Amino acid sequence: MSIVALAMTWIGASPASAHTPTFRADCAGVQVQATSYDAGQANKWTVTIDGVTQSGTFGSSFSQTFPVPQNGATTSWSASVVGFDGNYQGQDSGTVGPCGTVTPPPPTDVCVDLPGDQPTGTSCTPPPDVVRADSKNLEGCDVVLDGTTYGAGSLTYDEQYTDTFVFNTTTNTWDVVTDTTATITNTEFTPWSVQEQVANGCTEPSTQPPAIQTSESTNDVVCGQDVVVTTTVATTTPYVYDAQTNEWVLGEPQVNTTTSESPVTPEQCETDTGVSPETEENTVVVTNVVTNGVPTKTTTPQVPSFVDAGLTGSDTATPVLSASAATVAAAPSGNSSPMSGLLLLTGAALVLVGGLNPRRS
C-alpha cells in the first residue's frame with residue numbers, strides 16, 4: 001500500500017507542477033513560458049512593458065521573449081498566464097535595465113529659413129539695423145565732395161553708417177557686422193556772398209577809382225568898383241566801396257565855394273573912347289571849368305541893354321557900351337561887303353555919340 005500511495009501522490013502532483021508558468025526579465029527581454037496546459041482550450045497570457053500591454057491565447061504550451069527598450073533607460077514590466085478556466089495562473093513584475101545606450105533626441109529646427117538646425121529659443125529674425133551718423137562740415141573757395149563741385153561757401157552733411165547682423169550657425173546667435181563705408185546724406189550748401197568771398201580771399205577786392213574833382217571858376221568884372229570877383233566852386237565826388245557787390249560807386253559830392261577879388265586891368269573895362277564905365281552892370285563873366293585836371297573856358301560877355309544904349313529915348317539912362325559889345329558891333333563879318341562894314345561903324349558911332357550927349361534935366 002505504501003508503494004501504491006507513493007505512486008498515486010506522484011501522479012497527482014506532476015500535473016500541478018507542470019501547470020506553473022515561469023517568468024524571467026533581463027536586457028534580452030521579458031521571457032514567459034507555460035507548459036502542460038489543456039491543448040484544446042484557449043489559455044491566456046498578458047505582457048506589459050513600459051505601459052504597453054500585449055496579450056494572446058495558447059494551447060498546451062507557450063514560450064516567448066518580449067524585447068525591452070535599449071535606450072539606456074530602466075524599463076518596468078509585468079506578465080501573467082492563466083488557464084482557460086481561471087486555474088493554473090501565475091504572474092510576475094519588475095524592472096530591468098538600464099539597457100543599451102542613450103539615443104539623443106532628433107534635432108529640432110525652429111528656424112526653417114536659416115541654415116542648419118536651430119533649437120527652441122533661437123531668434124529666427126535678425127535685430128534691426130543700427131544706423132550711425134557723423135555730422136561734417138566743409139567750407140572754402142572751392143568746395144568739392146564725393147565728385148560734386150559746389151563752389152565757394154559752406155557745406156554741411158552727414159556721414160551715415162548702417163551696421164547689419166548675420167546669423168552664426170555655431171552659436172545660433174546673430175553677430176553684428178560693422179559698416180565702414182560712409183554714405184553721404186543730408187547735404188546742405190550755403191554759398192558765400194561776394195563780401196564773404198572777398199573776406200576769405202576767394203576774390204580780389206576791386207581797385208578804388210580816383211575821385212571826380214570838378215572846379216568851376218567864375219570871374220565877374222565889376223567895372224564900377226574896378227575889381228574882378230572870382231568865385232570858385234570845387235566839387236569832389238569820391239568813390240565809396242560797396243562790400244556786397246565788390247564795386248566802387250559814386251558817393252555824395254563834397255562842394256567847397258571860395259571867392260577872391262583882384263583889380264581890373266585897363267583892357268577889361270576900357271571902351272573905344274577910352275572912358276572907363278562907371279556902372280556895376282557892365283561886367284564880363286569868365287567861367288573856367290576844370291574836371292579831373294582837364295580845363296575848359298567859357299566867356300560870357302554882358303551886352304548892354306537897350307536902355308543902357310540910349311535907344312529908348314529915356315533922359316535918365318546913361319548909355320555905356322562895354323568893350324565886348326563894342327568889339328562885337330565893330331567886328332566885320334567875313335562875308336560882308338565894305339558898305340556893310342561902313343554901316344556898322346556908322347551905327348556904332350551914332351550910338352556912342354548919343355551916349356555922350358548930356359542928360360536932359
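Computed from the coordinates by the stated procedures, all read-outs in this text should not be read as laboratory data. Not measured: the values here are computed from a predicted model. Cβ: placed from backbone, ideal geometry, glycine included. Neighbour counts: every protein chain shown.
Here are the numbers:
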| read-out | value |
| --- | --- |
| Expected-Rg normalisation [2.2 N^0.38 Å, Cα atoms] applied to segment 114-273 | 2.65 |
| Surrounding net charge for S61, when Lys and Arg each add one and Asp and Glu each subtract one, Cβ distance under 15 Å | 0 |
| Cα-based equivalent ellipsoid of segment 169-260: semi-axis lengths in Å, sorted from largest, via gyration tensor | 75, 9, 6 |
| Local electrostatic count at S206 - Lys and Arg +1, Asp and Glu -1, tallied over other residues with Cβ under 14 Å | -3 |
| Cα shape, segment 42-197, gyration tensor, a/c 1.5 rule | prolate |
| Under Karplus coefficients 6.51, -1.76 and 1.60, residue-wise ³J(HN,Hα) of segment 78-93 in Hz, glycine/proline x | 7, 8, 8, 9, 8, x, 4, 9, x, 9, 6, 9, x, 8, 7, 7 |
| Convex hull of segment 181-228 built on C-alpha atoms - directionally averaged projected area, nm² | 7.2 |
| Extension gain from T171 to D129, taking 0.36 nm per residue of separation minus the Cα-Cα distance | 13.1 nm |
| Derived scalar couplings ³J(HN,Hα) [segment 37-48; Karplus, 6.51 cos²θ - 1.76 cosθ + 1.60; whole Hz; x for Gly, Pro] | 8, 5, 5, x, 10, 9, 7, 10, 9, 8, 9, 10 |
| Where labels lie 7 Å past Cα in the beta-carbon direction, separation of T120 and D142 in nm | 7.0 |
| Scaled radius of gyration (Cα, divided by 2.2 N^0.38 Å) that segment 72-159 gives | 3.14 |
| Sites V112 and T46, calculated FRET efficiency, Cβ-Cβ separation with R0 51 Å, nearest 0.05 | 0.70 |
| Distant-in-sequence amide H partners of D226 (H built 1.01 Å from N, under 5 Å) | none |
